[in-house]
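Here is the structure we will look at.
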Amino acid sequence: MSQYGIHDASPDIIVADNGEILRKLNANTISDAAKADEVEHKMTLGEAFRTHKKAIFWSMALSGALIMEGYDVVVIGSFYGQPNFTKRFGIVAPGTATGYAIPAAWQSGLSNGSSAGGIIGLLINGWAADRYGPKIVMMTSIVALTCFIFIPVFAQSLTTLVIGEVLCGIPWGVFQTLTTAYASEVCPIQLRGYLTAYVNLCWGVGILLSSGVVTATLNINSDWSWRLPFVVQWVWVIPLFLIVFFSPPSPWWLVRRGRLDDAEHAVRRLTNPEYVSSDDVKNTIAMMIHTNELETQAQAGTTYIQCFTKTDRRRTEIVMMTFAMQLLSGENLIGQGVQFLQSAGVGTQLSFDLNMVLNSMFIIGTIVSWGLLTRFGRRTLYTAGMACMAVVLFIIGGLGFISSTNATMTVGGLLIALNFIYNCTLGPLCYTIIGEVSSTRLRQKSIALSRISYQIMNIICGIIVPRMINTTAWNWGAKSGLFWGGSALLSTLYCLLRLPETKNRSYGELDLLFENKVPAWRFKSTTVDQFAMHHDGATEKGIDSKEDIKHLD
């Protein structure tokens, strides 16, 4: 028997009700886990900051990979209104701001290239990260990306650019999963929401940098006006590789691999020894073991198939819809900001200037979301944000029928407001929700699947949105707000029915809430004791509802 009470002898292996074989923990391990859980729940925000300064640093540093991805993914969309790029690769289009336009079919190919590559990268990462560890996969992806960047920099045709986008999308897919999973695993409950939401801020920094670089190179009268933004991607390759190399591994991954001593060492590297004793570290590892055993009891295995069976099916549905709804909310119009503004009648220079303001909302909005997170739950913020976006989109769509300078400028202002609402609510909360709803054993794969759902929606939007706003295609302009307003309204209804409240819940508590099929709207009012496993009735499953739950298995 190990010091954590995991029995290896066959008499200690029992058969669960679902026929699965699980390893039984002794009373001391459960007691230690309960102590760690109690300490974490009672910890204040200030105490969490003091004890986990190192974890905060490493989480924020690794999330910097999303700055790179946010920059890379959005920069290609900014070129659709860039004069030198459209002259180099576009066709003559009288009436447009530059006199040239990239055909809608090629816009779809360029926009969807990184999404297609991202799906490949996400699928690879979901398997490779569990097998080889997140650090190895992340460093390999950075090296691969360094090579792939050469393709768009020296591209001579749209075909080559599409190939470059697909190949670059593979490592970007890896970044999307690993950074969110790491942020959700290395910090206590009090910090989890802030650090996972910080991922959105990193996206915003990358997008803002992209806007700034593209705007700065706008007046270069040569192909380097669009090549230089690609070149800038090499700047952060070496710093990012060093950050990943020296960062502590996730203790949750080490526990799942049975490397308990290494997990202890990782926890020590992530916490402040002045406030966290050796016993505290051992209790934390015991809590991870206990949570892992709870999930193994509910369902063994860590393959993609497990994500769609038993209690994990519901969790997978929620995380996939949460990410897909980022685009169903109408956010995709923001990604096409320059072209959308130009199609609404805004001039070239002003459209790029407004795009800078538009993208700054990613940073401002995320900072505001941190304040909202202290007062409101995830479900409340996400649902309210979706409803507000639906209203703004309907207004934008209505203004599309008015041909005047005031209406055009109002559309620009409302687009900025739309992005602000998105980045106060949906944008940052999405990463928090997918990190908390997914089970710890399947987190890499669940986040990968959620991001794949986003990429699939991104491909669909990449096909229809350029046609909606392209003057050579459907030419809806601002009227497209009506379509996405309806989409956001339906998404609001889904949130009310299916999105659970995960604030202030440990992963063990969430496991039991999902195992007992608690409705989304009753997550907040349900009391859970994950360590009360030896009593009759409802508490035998570790759950006790304030609302007389009738649906326990």
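The values are calculated or read from the model by the stated rules, or taken from the named source; none is laboratory data. On a predicted model such as this, the values are computed, not experimentally measured, just so you know. Using ideal geometry, Cβ is built from the backbone for each residue, glycine included, and neighbour counts are taken over all protein chains shown. Calculation scope for accessible area: heavy atoms of the full protein, side chains included, ligands and nucleic acids excluded. Shrake-Rupley method; radii C 1.70, N 1.55, O 1.52, S 1.80 Å.
Within the set Gly99, Gly64, the sole residue that is open to solvent by 10 Å² or more (accessible area, probe 1.4 Å), under 23 Å from Thr180 (Cβ atoms) and not polar (S, T, N, Q) turns out to be Gly64. The residue of the stretch 107-144 that is surrounded by the most Cβ atoms within 10 Å (Cβ to Cβ), among those that are among the hydroxyl-bearing types (Ser, Thr, Tyr) and in contact with a helix residue (DSSP H, G or I) (Cβ under 7 Å, 6 or more places away or on another chain), is Ser114. Going by the conditions given, is Ser487 under 19 Å from Trp203 (Cβ atoms), open to solvent by 10 Å² or more (accessible area, probe 1.4 Å), small (Gly, Ala, Ser) and in contact (Cβ under 8 Å) with a residue 60 or more places away in the chain? So Ser487 does not fit the description; no. The residue that is nearest to Phe49 (Cα to Cα), among those in the stretch 259-275 that are surrounded by 19 or more Cβ atoms within 10 Å (Cβ to Cβ) and in contact (Cβ under 8 Å) with a residue 24 or more places away in the chain, is Thr271. Is it the case that Ile56 is under 17 Å from the mean Cα position of the chain (by Cα), open to solvent by less than 70 Å² (accessible area, probe 1.4 Å), at pLDDT 85 or above and among the β-branched types (Val, Ile, Thr)? Criteria not met by Ile56.
Can Thr383 be described as touching a Ser or Thr at 6+ places or on another chain (Cβ under 9 Å), surrounded by fewer than 24 Cβ atoms within 10 Å (Cβ to Cβ) and of a type in the set (Ser, Thr, Tyr)?
The answer is yes for Thr383.
Test Arg256 against the stated conditions and say whether it is among the basic types (Lys, Arg), in contact with a helix residue (DSSP H, G or I) (Cβ under 8 Å, 6 or more places away or on another chain), closer than 18 Å to Arg50 by Cβ and open to solvent by 40 Å² or more (accessible area, probe 1.4 Å). Here the answer is no, as Arg256 does not meet what is asked.
Condition check ((1) within 29 Å of Leu62 (Cβ to Cβ); (2) in contact (Cβ under 8 Å) with a residue 24 or more places away in the chain) across all residues:
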site	(1), (2)
Gly206	yes, yes
Ser211	yes, yes
Asp223	no, yes
Val235	yes, no
Ile243	yes, yes
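Looking at the stretch 355-369, can you tell me whether even one residue there is modelled with pLDDT under 75 and open to solvent by 20 Å² or more (accessible area, probe 1.4 Å)? Among the residues of the stretch 355-369, at least one is modelled with pLDDT under 75 and open to solvent by 20 Å² or more (accessible area, probe 1.4 Å), which makes the answer yes. Looking across Leu341, Leu328, one residue alone is outside any loop (DSSP other than H, G, I, E, B) and at pLDDT 80 or above. It is Leu328.
In the set (1) in contact with a helix residue (DSSP H, G or I) (Cβ under 7 Å, 6 or more places away or on another chain); (2) closer than 22 Å to Thr322 by Cβ; (3) modelled with pLDDT of 90 or more; (4) surrounded by fewer than 22 Cβ atoms within 10 Å (Cβ to Cβ), Trp521 fails one condition alone, (1). Residue-level check: of (1) more than 26 Å from Thr380 (Cα to Cα); (2) part of a helix (DSSP H, G or I); (3) touching a helix residue (DSSP H, G or I) at 6+ places or on another chain (Cβ under 8 Å); (4) open to solvent by less than 50 Å² (accessible area, probe 1.4 Å), Ile464 misses just (3).
Among the residues in the stretch 456-472, are any touching an Asp or Glu at 6+ places or on another chain (Cβ under 7 Å) and farther than 24 Å from Glu165 by Cα? No, the stretch 456-472 contains no residue that is touching an Asp or Glu at 6+ places or on another chain (Cβ under 7 Å) and farther than 24 Å from Glu165 by Cα.
Quick one: in the stretch 468-481, which of the residues that are of a type outside the set (Gly, Ala, Ser) and surrounded by fewer than 18 Cβ atoms within 10 Å (Cβ to Cβ) is modelled with the highest pLDDT?
Trp474
Scanning for something open to solvent by less than 30 Å² (accessible area, probe 1.4 Å), modelled with pLDDT under 90 and of a type in the set (Val, Ile, Thr), does the stretch 199-212 turn up at least one residue? Yes.
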